[in-house]
1. Looking only at the range 72-103, which residues are among the basic types (K, R) and over 18 Å from Y49 (Cβ atoms)?
2. Would you confirm, using the coordinates I've provided, whether T560 is under 28 Å from L255 (Cβ atoms), modelled with pLDDT under 80 and in contact with a Lys or Arg (Cβ under 6 Å, 6 or more places away or on another chain)?
3. Taking only pairs six or more apart or across chains, which ones have beta-carbon atoms under 8 Å, a first residue in the range 133-149 that is under 28 Å from D167 (Cα atoms) and of a type in the set (S, T, Y), and a second residue that is assigned to a loop (DSSP other than H, G, I, E, B) and modelled with pLDDT under 90?
4. Among the candidates E48, E84, single out the residue that is touching a residue at least 12 places away in the same chain (Cβ under 8 Å), more than 30 Å from V132 (Cα to Cα) and of a type outside the set (S, T, N, Q).
5. So which residues in the range 31-41 are open to solvent by 60 Å² or more (accessible area, probe 1.4 Å) and either under 18 Å from L73 (Cα atoms) or charged (D, E, K, R) (or both)?
6. Being open to solvent by 80 Å² or more (accessible area, probe 1.4 Å), within 14 Å of R374 (Cβ to Cβ) and free of Cβ contacts under 8 Å to residues at least 40 places away in the same chain is the filter here, so list the residues in the range 298-320 that pass it.
7. Looking for whichever is without any contact (Cβ under 8 Å) to a residue 24 or more places away in the chain and touching a Phe, Trp or Tyr at 6+ places or on another chain (Cβ under 9 Å) here; the options are K234, K217. Which one fits?
8. So, in the range 1-41, exactly how many residues are under 30 Å from E263 (Cα atoms), aliphatic (A, V, I, L, M) and assigned to a helix (DSSP H, G or I)?
Amino acid sequence: MPYTDKLQRAFTSSLITKIAIIDDGFDIPSCSDLEADAIIGFRTILNEYCDDPDEDASNIIEELENIEDRPSLQTIIDRVHDDEGVLAFLWKTYRELNHGSNLKKMLHKLFIPFVVDKDAKLAPLEELSALVQTTTGIVPDTFGSDTMADSIVGYDLIFLDYYLNPDASPSLTAGDDVNLNANFIQGKQHSIELLKSVVKNSGNKIPLVMLISSVAKAEDIPDFRAHAKMLASKINYLPKGQVKTNPHRAQHAILGLVQYRKEADALWDLIDLWKQSVNSASDNLISMLLELDLPDYSYLQSYRLNDEKVPLAHYLGWLFNGYLSNLVEESISQSTAHELSNRISLPLPIPGRIAPTEAITSLYSGVTTSKVPRLGEGFKPNAWAGDIFIKTSSYNKIFGRKHAPKGKLKEPMPEVLCVITPSCDLIPGRSNNAKSVTMIGGILVPMDGLAPPTNHLLLLDTKPYHVSWDSKWPVTVDISDVNGMTLLGKHYRWVSRLRDVYHAELQHLLFKDIGRVGVPVVPTMPICVDMRVLVKQHGKPYKVLLDRKANESSVWTFKTKKSDTAYCIREEIAWELQGLVKKLAEEESNKVNDKALEYALGNDFIEKLQSPIVMTSDSRQLEKTGITVKQVADAFKEDGTSHQTSFILAVSQKKLNNHLQVI
């Protein structure tokens, strides 16, 4: 198999020596699972064999007596109906014996009510165990659904059943929703709690986890991961049946999880270090605050805040938050965070395994903007530095509201406005308050993957937008036309507020100040897009193989550091495409189909389709894959008639409706 050597090297370099497979398929039958007639028949036959053994009976007795650490024959006869230990011994013996064994045939009659369901569950698990052992030389240990976390601590790689419940049967009829089935709900929760306990008891040696299931899908993994509080880099998904149907792909999935273990360990340690630093900083802050006495607050109010018209609550929020950030920074600077960060050195590109989450977008948005307006009881400024307002028409469209503005605007106005006036001039009650508010205009642009990244990211109704500010469009509004959450007769509505440093940057942009403010780099923010797969046919138009909508998270797009557009296809799509091409070639063998199959079976085909594809021009070739990449106005209208290659990857350039099409 093509990934065997890579897997062996990855297991060695990642120090994977202990592997566990946890599945209810390994559950040992209980005495209550057996039928009374089967128990009576088993005891009768065994008694007869002991009293008057023939040749077959002698073989059976000999097989039993040759097994180490077995109960006595009389104990087996007397206690098979009520001793779980005896039954566990007989079940283990039954599973390990060869099919030609007379003892196995006799035990089969005892376990037949239990075996039918177990064989279906154990078959893919035994294939998985064999694949791991053949590839790595490591024999996995197996555990059932009653396994305790302490038994799993110390393992490097765990294959964990997504639904760890023997009553969660995969034989569902079409249309059944496992999320509404009590057995599946309980099984998923059991797996989550087991994993959480393993992580809690593992110290700094957190295992890699490969979730396995015949029912769950890759799209279910983020929800499981979130509830288990598991690092994304340490968990992946493998369908149980894939080991048999596509062992190459199963190997590739295991490789994708194992080969970056050292980096994932460093990332886990770094996050844990941040958690410890935040907890320590929080404790230190509370200790410091306990030192403050009522006179301290009295002096602050009487001699500073009252004259400045600043509420105590606002000032304390700024003071405490700032000091907490300072304590975290000091704690981190004295730790091994820098060393751990250096250990997270990753090669580029890394194939997309599971579709990206919105975590990075939410993190960055929370750092650059606040959703908390500067309003409170007794403190109601008309506006505050950094306040962002958008037109009511845009607000209604984004949030699904029906707010109506008063009258009409006298002149064309920007879609977005941000307050540039310093906060000190906007505090109510001051004698030298601003009589007007200076703002900068801009355009609200949805994050569709085609626009370049921005420092000012807004999450509106959970959807990301950035603002394209226009320094040539300053706006001055009378202070009376601003009413905290609305502006200009409710023609604008408040949505967010820029943090201080980003507000300062916008000030410099507007006033063309030479002192620019450096801000952290903007991360890549993937956006999922539509996809269509087509293949060239012999003497016919191109054939549609597969359609996937953006909400299925099959393909995503983002901007690279050079502002070029890149696309990444989820791992399973490349494999699914390979399978469809195989099927096409089997159904009709001709030169065109055979050539497409040759490309699809090549190592470059899978690797390059799973790596980010950077669009450096309108058209390019993916070497050794038979694929031509082309940007078009609408991918779903591309028919491929003017092309000669086996495949064409067509990308729509529409801003709000991106499509990815492989022809």
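1. Within the range 72-103, K92, R95 meet the criteria.
2. Details: under 28 Å from L255 (Cβ atoms): yes; modelled with pLDDT under 80: yes; in contact with a Lys or Arg (Cβ under 6 Å, 6 or more places away or on another chain): no.
No, not satisfied.
3. So the pair list comes out as S145/D27; S145/N165; S145/P166.
4. Details: E48 fails: touching a residue at least 12 places away in the same chain (Cβ under 8 Å).
Unique residue meeting the criteria: E84.
5. D33, E35, D37, I40, listed by residue number.
6. W318
7. Numbers: K234 fails: without any contact (Cβ under 8 Å) to a residue 24 or more places away in the chain.
After applying the criteria, what remains is K217.
8. Matching residues across the range 1-41 total 2.
The values are calculated or read from the model by the stated rules, or taken from the named source; none is laboratory data. What you are looking at is a predicted structure, and each value in this text was computed from that prediction instead of being measured. Here the Cβ is made from the backbone with ideal geometry for all residues, glycine too, and neighbour counts use every protein chain on show. Keep in mind that these areas ignore ligands, DNA and RNA; they rest on the heavy atoms of the full protein, side chains included. Shrake-Rupley method; radii C 1.70, N 1.55, O 1.52, S 1.80 Å.
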